[in-house]
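*Asks:* So that we are looking at the same thing, I have put the structure below in structure tokens.
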């Protein structure tokens, strides 16, 4: 490939309508923050509450409940 072909490929990549920056993509960024907050809000309590329930209800030790 010659340098002229490479230059035209790079220009085509940037002119496809992609915009960079947080301000231009604020809606997508806020959606990513909200999804991460919901996932962390679910997994955090699950990892602390389920081993306690497994020990109290099913008489499993913490090592066994962590692996299942």
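The values are calculated or read from the model by the stated rules, or taken from the named source; none is laboratory data. Please read these numbers as outputs of a predicted model, since none were measured by experiment. Cβ atoms come from the backbone with ideal geometry, glycine included; neighbour counts cover every protein chain shown.
*Asks:* Looking only at the range 12-27, filter to residues that are assigned to a helix (DSSP H, G or I) and either touching a strand residue (DSSP E or B) at 6+ places or on another chain (Cβ under 9 Å) or exposed (fewer than 10 other Cβ atoms within 10 Å of the Cβ) (or both); which one of those is modelled with the highest pLDDT?
*Replies:* 27
*Asks:* If you don't mind, another one. Would you say residue 34 is assigned to a helix (DSSP H, G or I), at pLDDT 85 or above and within 24 Å of the chain's Cα centre (by Cα)?
*Replies:* Yes, satisfied.
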